[in-house]
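Q: Below you will find the structure I want to go over with you.
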Amino acid sequence: MKLLIAILLFMVPGQALSQDPEPAEGTPSNQELYESGIQFGLFLDQAEKRREMWLGNFDKGNVPKDIRRRASELHGPFYLISVAIDGCSDSVNTIPYLAHLANSAETIEMRIVSPTAGRHIMEAHQTPDGRASTPTVLVLDSDFKEIGAFIERPKQLQDWALGSGKELSSSAFMTAKFAWYDEDLGRQTMSEVLDIIEKHQAEGGHDH
């Protein structure tokens with residue numbers, strides 16, 4: 001059984017690279033980038049900005065029974081590359097819950113990379129209003145091939161943020177956004193990542 005959090009982690013030697021087309025010069029392959037990332041426990045240990053919120057969200061996080069059931073029916077492995085940073089208000093309200101999802105599912109693994117290392121992922125998967133943002137979570141199949149991405153926020157919150165939320169002052173916007181996250185507790189974030197994987201499987205995606 002996976003540990004919920006491991007503060008002292010050692011990198012496991014990587015597997016041989018998959019036979020994907022050669023990436024652009026200077027850009028790591030998905031597998032190289034994933035293996036260069038750190039596990040959530042180490043990220044949490046190193047977090048300085050919004051530290052209390054990171055710890056609090058992870059502490060109160062859990063995987064609802066219906067989400068756990070959906071995850072148990074996956075045929076993986078699947079890998080998540082989460083481009084995140086400790087000071088990001090959306091990262092702190094999504095990544096801890098994805099860590100719980102990965103911890104509870106034998107078929108899902110997650111690593112976290114910095115916006116510097118993952119810049120090409122952010123640029124390739126921009127928000128509806130054209131921003132490269134954190135978090136951007138690249139979802140990969142068992143061969144480290146991209147099958148989808150979760151970008152910045154759950155769709156319901158993003159629709160509000162880019163719609164009526166734009167009419168609010170900055171402080172009112174943040175208050176309302178945090179209230180939404182506190183009520184949702186990562187459910188929609190976890191569900192949308194599972195949606196990507198389930199769609200891939202339904203379409204006959206290659207899994208082991």
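The values are calculated or read from the model by the stated rules, or taken from the named source; none is laboratory data. Remember, it's a predicted structure, so these values are computed and weren't measured experimentally. In this analysis, Cβ positions are derived from the backbone assuming ideal geometry, glycine residues included, and neighbour counts consider all displayed protein chains. Areas reflect the complete protein model, heavy atoms only, side chains present, ligands, DNA and RNA absent. Shrake-Rupley method; radii C 1.70, N 1.55, O 1.52, S 1.80 Å.
Q: Restricting to segment 44-81, what's the tally of residues that are under 30 Å from F178 (Cα atoms) and out of contact with any helix residue (DSSP H, G or I) (no Cβ under 8 Å at 6 or more places or on another chain)?
A: 13
Q: Within segment 14-31, identify whether any single residue is closer than 30 Å to S171 by Cβ and either modelled with pLDDT of 95 or more or crowded, with 18+ Cβ neighbours inside 10 Å (or both), and answer yes or no.
A: No.
Q: Restricted to segment 34-69, and to residues that are assigned to a loop (DSSP other than H, G, I, E, B) and within 14 Å of the chain's Cα centre (by Cα), which residue is farthest from H120 (Cα to Cα)?
A: Q39
Q: State which residue is farthest from D184 (Cα to Cα) when the search covers only segment 57-78 and only residues that are open to solvent by less than 30 Å² (accessible area, probe 1.4 Å) and not hydrophobic (A, V, I, L, M, F, W, C).
A: Checking each candidate, the answer is G76.
Q: Turning to a different aspect of this structure: Could you please find all residues in segment 70-106 being small (G, A, S), more than 14 Å from Q39 (Cβ to Cβ) and part of a helix (DSSP H, G or I)?
A: A71, S72, S91, S104 - these are the residues of segment 70-106 that are small (G, A, S), more than 14 Å from Q39 (Cβ to Cβ) and part of a helix (DSSP H, G or I).
Q: May I pose another question? So which residues in segment 160-182 are open to solvent by 60 Å² or more (accessible area, probe 1.4 Å) and within 19 Å of the chain's Cα centre (by Cα)?
A: Residue satisfying the conditions is D182 alone.
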